[in-house]
Structures are given as structure tokens and as C-alpha cells.
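Trainee: Right, I'll just put the structure down here and ask away after.
The values are calculated or read from the model by the stated rules, or taken from the named source; none is laboratory data. The model shown is predicted, which means the values in this text are computed figures rather than measured ones. Quick reminder, even Gly has a Cβ in these numbers, built from the backbone with ideal geometry, and neighbours come from all protein chains shown. Heads up: the accessible areas ignore ligands, DNA and RNA and are worked out on the full protein's heavy atoms, side chains in. Shrake-Rupley method; radii C 1.70, N 1.55, O 1.52, S 1.80 Å.
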Amino acid sequence: MAAKLKIAGAWSGVLEAELETWSVSMLRHQVAQRSGCGAESINLICGGKLLKDGDESLGQVGVKNNAKIMATRVSVDQGKALMIENQKALAEEERASRLTRIKAAAMSLAKRHADGSLPIEDFNLELENQSGEKVQLGTENDQRAIMTGLMLHASAKQLIKRQQYEDALEVLTMGEEAFSLCDPKLIELVDNVPILQIDMVWCYFMLRDMSWLSLAGVRLAKARVGIERAHGKESSRVRILQGGRCPELPLYLRMDLLEGVVAYHSGQLQKSKAFLSSAQAKYLQLQVPDELLSLLMSMGYRQNDAKRALRMSGQDVGSAVELLVDLKEKKMRKREDDRRRQHEIMEQKRFGITPLRKAVDLQRLSELESIGFERALAAEALRRNENDTQKALDDLTNPETNSAIQLNVESRRRKRLHQEADAVIEKLVSMGFQRPIAAAAVNAYGTEDAALNHLLALHDNPNGSAAAVANTANSTHPVPTAGEENVLGSQEFVSSQTSDGSNGESSTLNQEEERDVEMEDELTEELQRGDALSDYDIEVTIEGEAINEYLGLITSAEVNTSAEENVKNVPSSE
């Protein structure tokens, strides 16, 4: 039902509007049309508040039925200025909202993947070293802080690539805060924080705002110390880890350049020249000859991958090929590890969650299985006892509790199989098969593929075995034996009752409903695209131009200084 709005001012009258579908912009255009002027010259005021254009409906901005709205006319220039101001305000709101979402999503992901909770996703976020090996750093809080910082840093890098430097700075600041919550001794072992500091100064530089000068110097000094501590003197530790290669050279080039820029604007020309000359030498080292690039590309490697490998290998073709092969093997191993982990997570979801909502520890489960206990029973014992191996062992060796565990496991298995069968039946019904016939086929043949093949055969030969199958249409779903447990191939999460009676599934689903799935997917996609050397993978074109620019400024300053000194030394004609 349309609401009535009483308009006064530039045009007076009553307008009927759908409060839930009309926007402020639509109302503005209607008033402007009736008053004979452009929409940009109409201001709308309701309840003492200026109504601004946006995606919200009239109802959402507080306009009600029989509301009184004042329409004032302003000059075209004023109207355009107001519209521009409104657009800027909306853009700023959207930007602030997105930054808040990025931080919230990173914190949510880190919390779920650092505390042993059952993952909602089919993957786990895990920390790796430069060799691609999984590492465990510090306490749960340390793990969470590092994960949050890494995700925010990865998001900021994408913003830098899109030249959104102000937004990148905001996200980098969030990342810096996250890292600050971690044990400083752990942070000293890695180069992530120094690289984040360099990225922050790079944003300052690209924004060309001189107010960053003193802060940039402090950040670069910290970065220099942190890099040397993590990489060793003259990158000795990195050389060992990377087999003599120098993947960090572009990062050092950028750091030298920024230190040279800071020194120049601080009036320290000689210091600036030294840093810039060092950066220039590294820049020349990173220039890839066309013939070497063509050689690698002729071997089937992509241009960007070939250029990256040659830069990191000091233009050594053999070493570059070894690096490319090594990175390919690591990607393949990672895919295999991801598939294995996905299988493990699906298994954990079938086992359910502990009273404290943690996943069943698969390593401890394997230990119990290795001494002769059935996997499903051992998993239930661990789940009940919060992954305490000794308590689980006590339950498994106690006839009374062992019997209770077996009954619980069997009940859950039957429930899961019924749910799986129902899901297959619903799927077949959605394809157009009659429910009784679909149910009979699932009961008789067990698997989805077999049931579907049978139904299709019936469709082609309706006088075949339809009667025989129809006789089972009203029977209950069969319960397969232990060896047939996954006969339907479903991997749905079936919950377990925790000791306090809460349901693990509902808790997990509630978590999922509160997630910002879109932003979490964006963050994890960026992480999954990278590898252990991504932080050093910098395209140095802008750096090269900046080096030449500032060396030119220094040369000009030196010429001017020399000319002034010559003037002072010219003898007087008197």
C-alpha cells in the first residue's frame, strides 16, 4: 500500500510513494519534475534531517506515512556540489564498511583455524615457513595473532596492486596491530613484520604526502633491523634456505630506494645518494635479458614465471629452471595435502565436536587405532573426553562405557544413513521421478548412481521389473553393514550430542550464518594464490623510475651548490 507524503516548499502537494521500494533519489526526481527544475537543485528535509541519495529505501531512512517533507531549491552549482558531497560521503561509508569487514573476516578466520575448532570450510589455514613446511608458533593466541596479521597483509598487498594506497595503509595498520598481540620473540624469527613496515612506507611514498617523512624513517630503521635479524648478515640465512638464490633482492631494492628518498627530503644528500646508488645496482641486477627470457619461454614456461625465476636466480638459467621445477613440485604437494586435509575435515565433521566445540584430534585417534581400537569408537571416546587420550583409553577398556559408546556410534551411523538416503530420494524426486518409486530404488540399490541407472532403465522399459521394485516402495531404508557405511557417498556433517546436551551441528551452523562468507572467500583466495616467495615478488618498474628521478634531483642540487661556491670564490674586481 502506497504511503502519502506531504511536500511543501519548491512544490507543494501530496505524493503517493512506496516507502520500501522508493529511494531518496526517486523522490527527489518526482519533486523536481513537479517543480519544473533539475533534480540536482532540490534538497529534501524530513524530521530535521537532510535526506541523502543512496541505496536505502525511504522507509529505511526514517520516512513514514503522512510524513512532512520540506523541498528547498538551491542554485544548480550548489546542487551539484551537494550531490558530489553526498557521493563522497556514500563512498567513504562504503569504504569504511569494507575495511571493517576485512578486519572482522580475518579475525573470524584466524579464530576458527587457530584454536582447534572444527573448520566450517573444507580447508585449514596453517602457518608455513619459507620452505613450505607447516610450523606451529607459540600459543593459541600467538597463532591467532599471526594468522590475522598475515591475512590482513595479504589483503593490503592486493589493494596496493590496485593502487588503492589509502585503503592499503588502513589494512596494513590493522595488520600491524594484529602482529603486536603476538609474543615479540616469535615475531623476531620471521620477516613478515619488517616487510609490512616497508609496504607501509611504500604507500606513503606513492601518496607523495610529506607528512609521513619522520614516521617513514622510524619504520624503515625497524624494518632494516628486523630484516637482518630474520635473514642473517648479508642474507646468509636466506641463501642457505634458498640454495644460494637471492629472491629477496627486489625487497632490498625497495628498502634502499625508500631510505634514499627519506634521506633526500631530510637534506642528507650524500646519505641519500649512497642508498639510491645501492638501489640502482640492485635494479640493474634484476634486469632480465630478452634472450634468457625467450629461452625459458621456449621450454614452455609462462613469461611472468620465467622472469621471476631468472630474477631470483641471478640470471642463471640452470638455477632458474631448478627453481621453477621446485615450485611446481611444491604446488603439486600442496594440492595433495589440501585434498588429504579436506578428507580429514570431512571425517572430523562426521565424528562431531567435543563439549568445548573442538574437532577430534586425528593424530591421537590414529594412536588409539594403532593399538587395536575401532576408529569410530576411538573417535567417540576422544570426542567425549575433550581429546584426552588417557581418559578415552579408560572408557574404551571399561566394558560398560565401551558398550555405551558403541550404542551411540551405531545410533548416529543409522541416523546418518537415513539422512543420506532421504537426501538421495529428494534429489531423484527433483529430477521428476515419483517418490515411492525413487524410495524403492534407493532401498533396493543403495547408491545414488545405481538407483538412478535403475530408474532410467525403468523409464526405457516400463514393463520390466517395476512391480518388483514397487513392492518395496513403502519399506524403511535399509541399514548397511559396517563395511557399507559410506555407500551413498554423502559427506554431510552429522552432529554428536555433547556432554551438556548441546548439539554440535547447530552450533556450527549458527557460526556459519554469522560469517561474512564473501569477504572470507576473498581473503582466503588471495592466500591460496601465493607461495613462500610471494613477499619478494615485486615488479620494480616504478622503483627504477623513482631511482633515476631522485638521482637526478641530487645531481641538480650538487650542480647548484657547486655553482654557488664558485660565485663565492670569484675575486672582487676591486
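Trainee: Please state which one of LYS233, LYS222 is surrounded by fewer than 16 Cβ atoms within 10 Å (Cβ to Cβ) and within 30 Å of the chain's Cα centre (by Cα).
Mentor: On the way: LYS233 fails: within 30 Å of the chain's Cα centre (by Cα).
Criteria check complete, one pass: LYS222.
Trainee: Quick one: what pairs do we get from segment 169-182, first residue of a type outside the set (Asp, Glu), second not in a helix (DSSP H, G or I), C-beta under 9 Å, 6+ apart or different chains?
Mentor: Between residues of segment 169-182 that are of a type outside the set (Asp, Glu) and residues that are not in a helix (DSSP H, G or I), the close pairs are CYS182/LEU137; CYS182/GLY138.
Trainee: Could you grab me the full set of residues in segment 180-196 that are part of a helix (DSSP H, G or I) and crowded, with 16+ Cβ neighbours inside 10 Å? Write out each step before concluding.
Mentor: At the first step, the residues of segment 180-196 found to be part of a helix (DSSP H, G or I) are 180, 184-187, 192-196.
Of everything in segment 180-196, those that are part of a helix (DSSP H, G or I) and crowded, with 16+ Cβ neighbours inside 10 Å turn out to be LEU186, ILE187, ASN192, VAL193, PRO194, ILE195, LEU196.
Trainee: Can ARG375 be described as among the basic types (Lys, Arg) and in contact with an Asp or Glu (Cβ under 6 Å, 6 or more places away or on another chain)?
Mentor: Values: among the basic types (Lys, Arg): yes; in contact with an Asp or Glu (Cβ under 6 Å, 6 or more places away or on another chain): yes.
So ARG375 fits the description; yes.
Trainee: Given the conditions (1) under 30 Å from SER313 (Cβ atoms); (2) modelled with pLDDT under 90, report the number of the one that VAL409 does not fulfil.
Mentor: Among (1) under 30 Å from SER313 (Cβ atoms); (2) modelled with pLDDT under 90, VAL409 violates only (1).
Trainee: Next question. Before we move on, is GLU177 open to solvent by 30 Å² or more (accessible area, probe 1.4 Å), closer than 29 Å to LEU109 by Cβ and of a type outside the set (A, V, I, L, M, F, W, C)? Talk me through it step by step, then tell me what you get.
Mentor: On the way: open to solvent by 30 Å² or more (accessible area, probe 1.4 Å): yes; closer than 29 Å to LEU109 by Cβ: yes; of a type outside the set (A, V, I, L, M, F, W, C): yes.
For GLU177, the condition - open to solvent by 30 Å² or more (accessible area, probe 1.4 Å), closer than 29 Å to LEU109 by Cβ and of a type outside the set (A, V, I, L, M, F, W, C) - is met.
Trainee: With the checklist (1) touching a residue at least 60 places away in the same chain (Cβ under 8 Å); (2) in contact with a Gly (Cβ under 6 Å, 6 or more places away or on another chain) in hand, flag the one item PHE275 doesn't pass.
Mentor: PHE275 satisfies all of (1) touching a residue at least 60 places away in the same chain (Cβ under 8 Å); (2) in contact with a Gly (Cβ under 6 Å, 6 or more places away or on another chain) except (1).
Trainee: Another one. Of everything in segment 92-113 that's of a type in the set (A, V, I, L, M) and open to solvent by 40 Å² or more (accessible area, probe 1.4 Å), which residue is farthest from the chain's Cα centre (by Cα)?
Mentor: To start, the set of residues in segment 92-113 that are of a type in the set (A, V, I, L, M) comprises 96, 99, 102, 104-107, 109-110.
So of that shortlist, the ones also open to solvent by 40 Å² or more (accessible area, probe 1.4 Å) come out as 96, 104, 107.
On the way: ALA96: 18, ALA104: 11, MET107: 11 Å.
Per the criteria, the residue is ALA96.
Trainee: Now a separate question. Of all residues in segment 281-298, which are more than 16 Å from MET255 (Cα to Cα) and surrounded by 11 or more Cβ atoms within 10 Å (Cβ to Cβ)? So that I can check it myself, show each step before the final result.
Mentor: Start the filter on segment 281-298 by keeping residues that are more than 16 Å from MET255 (Cα to Cα), which leaves 287-298.
Listed by number, the residues that qualify are GLN287, VAL288, LEU292, LEU293, SER294, LEU295, LEU296, MET297.
Trainee: If I go through segment 517-574 residue by residue, how many of them are at pLDDT below 70 and assigned to a helix (DSSP H, G or I)?
Mentor: Residues flagged as at pLDDT below 70 and assigned to a helix (DSSP H, G or I) within segment 517-574 amount to 7.
Trainee: Sort through ILE425, ILE405 and tell me the only one that's open to solvent by less than 30 Å² (accessible area, probe 1.4 Å), more than 39 Å from the chain's Cα centre (by Cα) and free of Cβ contacts under 8 Å to residues at least 40 places away in the same chain. If you could, list the steps in order and put the result at the bottom.
Mentor: Values: ILE425 fails: more than 39 Å from the chain's Cα centre (by Cα).
The unique qualifying residue is ILE405.
Trainee: Output the qualifying pairs, or none if there are none: Cβ atoms under 8 angstrom, residues six or more apart or on different chains, first residue in segment 25-50 and more than 10 Å from ARG73 (Cα to Cα) and modelled with pLDDT of 80 or more, second residue open to solvent by 40 Å² or more (accessible area, probe 1.4 Å) and of a type in the set (Lys, Arg).
Mentor: From residues that are more than 10 Å from ARG73 (Cα to Cα) and modelled with pLDDT of 80 or more, the pairs are CYS46/LYS68.
Trainee: Here's another thing I want to ask about it. Does ALA457 qualify as being out of contact with any helix residue (DSSP H, G or I) (no Cβ under 6 Å at 6 or more places or on another chain), over 23 Å from MET346 (Cα atoms), modelled with pLDDT of 85 or more and open to solvent by less than 60 Å² (accessible area, probe 1.4 Å)? Steps first, please.
Mentor: Values: out of contact with any helix residue (DSSP H, G or I) (no Cβ under 6 Å at 6 or more places or on another chain): yes; over 23 Å from MET346 (Cα atoms): yes; modelled with pLDDT of 85 or more: no; open to solvent by less than 60 Å² (accessible area, probe 1.4 Å): yes.
The answer is no for ALA457.
Trainee: Could I ask something else about it? Looking only at segment 285-335, which residues are out of contact with any Ser or Thr (no Cβ under 8 Å at 6 or more places or on another chain) and in a loop (DSSP other than H, G, I, E, B)?
Mentor: LEU286, GLN287, VAL288, PRO289, MET299, GLY300, TYR301, ARG302, GLY314, GLN315, ASP316
Trainee: Here is a follow-up. With the checklist (1) buried (at least 19 other Cβ atoms within 10 Å of the Cβ); (2) assigned to a loop (DSSP other than H, G, I, E, B) in hand, flag the one item ASP199 doesn't pass.
Mentor: All conditions pass for ASP199, except number (2).
Trainee: Still on this model: Could you check how many residues of segment 175-219 are over 23 Å from ILE102 (Cα atoms) and of a type outside the set (D, E, K, R)?
Mentor: 14
Trainee: Can you tell me which residues in segment 39-52 are of a type outside the set (A, V, I, L, M) and either in a strand (DSSP E or B) or open to solvent by 30 Å² or more (accessible area, probe 1.4 Å) (or both)?
Mentor: Scanning segment 39-52 gives GLU40, ASN43, CYS46, GLY47, GLY48, LYS49, LYS52.
Trainee: Step by step: first the residues of segment 53-85, then only those that are of a type in the set (S, T, N, Q) and open to solvent by 30 Å² or more (accessible area, probe 1.4 Å), then the one that is modelled with the lowest pLDDT. Which residue is that? Outline the logic, then answer.
Mentor: Residues of segment 53-85 of a type in the set (S, T, N, Q): 57, 60, 65-66, 72, 75, 78.
Next cut, open to solvent by 30 Å² or more (accessible area, probe 1.4 Å) only: 60, 65-66, 72, 75, 78.
Numbers: GLN60: 84, ASN65: 88, ASN66: 86, THR72: 80, SER75: 61, GLN78: 54.
Checked segment 53-85; the qualifying residue modelled with the lowest pLDDT is GLN78.
Trainee: Regarding segment 13-32, can at least one residue be identified that is part of a strand (DSSP E or B), surrounded by fewer than 16 Cβ atoms within 10 Å (Cβ to Cβ) and in contact with a helix residue (DSSP H, G or I) (Cβ under 8 Å, 6 or more places away or on another chain)?
Mentor: Of the residues in segment 13-32, the ones part of a strand (DSSP E or B) are 13-17, 23.
Those left that are additionally surrounded by fewer than 16 Cβ atoms within 10 Å (Cβ to Cβ): 13-14, 16.
Those left that are additionally in contact with a helix residue (DSSP H, G or I) (Cβ under 8 Å, 6 or more places away or on another chain): 13.
For segment 13-32, residues part of a strand (DSSP E or B), surrounded by fewer than 16 Cβ atoms within 10 Å (Cβ to Cβ) and in contact with a helix residue (DSSP H, G or I) (Cβ under 8 Å, 6 or more places away or on another chain): present.
Trainee: Looking only at segment 235-274, how many residues end up being closer than 30 Å to LEU327 by Cβ and not in a loop (DSSP other than H, G, I, E, B)? Steps first, answer last, please.
Mentor: From segment 235-274, those closer than 30 Å to LEU327 by Cβ are 235-258; that's our starting set.
Checking which are not in a loop (DSSP other than H, G, I, E, B) leaves us with 235-241, 249-258.
Total meeting the criteria: 17.
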